[in-house]
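Below is one structure, written out as structure tokens; comments come after it.
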Amino acid sequence: MTPRVYTSAERAGEHGGENIAHAIVDDGIPDAILCHTGRQAAGVLSGLTARGVAVPDRTMLAAASDSEHTRHSRPAISAVELHAAETTLALLDLLQARIAGEPSAGPVLTTARFRVRASSRRTDTNARCSPRRED
């Protein structure tokens, strides 16, 4: 299956996510959707709900970065939790090396955790795993 990619400026926030949700429904609902930000994911959830698409029963939803939007949505949205303190320290080390005129030793890998929440926990174990167009 070839992934479909939709774009929306981050500044469009939840409204941008809602617009993307309508495009996704019009193109055929996939088994899962991954959004870059929590605000966009919250907007996608809102747009899907407005179109009668059940999350997670019809499509699962996740965000590439955890946020208040993902944690407090209903259903709560699964997300990647980045460890800000660890990432910040690694970034500062790279920045200080650059300022000192030294080569920065990157990339630096830091830890992250995928927080599985209700938006990607299906109760029906027989739920479809292949996309189909909903009319």
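The values are calculated or read from the model by the stated rules, or taken from the named source; none is laboratory data. The structure displayed is predicted, hence computed values, not measured ones. Note: ideal-geometry Cβ built from the backbone for every residue, glycine included; neighbour counts use all protein chains shown. Heads up: the accessible areas ignore ligands, DNA and RNA and are worked out on the full protein's heavy atoms, side chains in. Shrake-Rupley method; radii C 1.70, N 1.55, O 1.52, S 1.80 Å.
Odds and ends about this structure:
- At a probe radius of 1.4 angstrom, the accessible area of the chain per residue rounds to 63 square angstrom.
- Applying 1/(1 + (r/R0)^6) with R0 = 35 Å to the Cβ-Cβ distance of ALA50 and GLN96 gives a FRET efficiency near 0.15.
- Fraction of accessible area attributable to carbon and sulfur, the stretch 1-79 (%, probe 1.4 Å): 53
- Between PHE114 and HIS36, the simple label model (points 7 Å from Cα in the Cβ direction) yields a spacing of 2.1 nm.
- Build a GNM of the chain with springs between Cα atoms under 10 Å apart, and of ASP66, ASP27, ASP93 the one that fluctuates most is ASP93.
- Couplings 3J(HN,Hα) of the stretch 93-105, computed from phi: 4, 5, 5, 5, 5, 4, 4, 7, x, 8, x, 7, 8 Hz, in residue order, whole Hz [Karplus 6.51 cos²θ - 1.76 cosθ + 1.60, θ = phi - 60°; x for Gly and Pro].
- Over the chain, DSSP H runs of length four or greater, each weighted -39,500 (n - 2.57), average out per residue to a 222 nm ellipticity of -11500 deg cm²/dmol.
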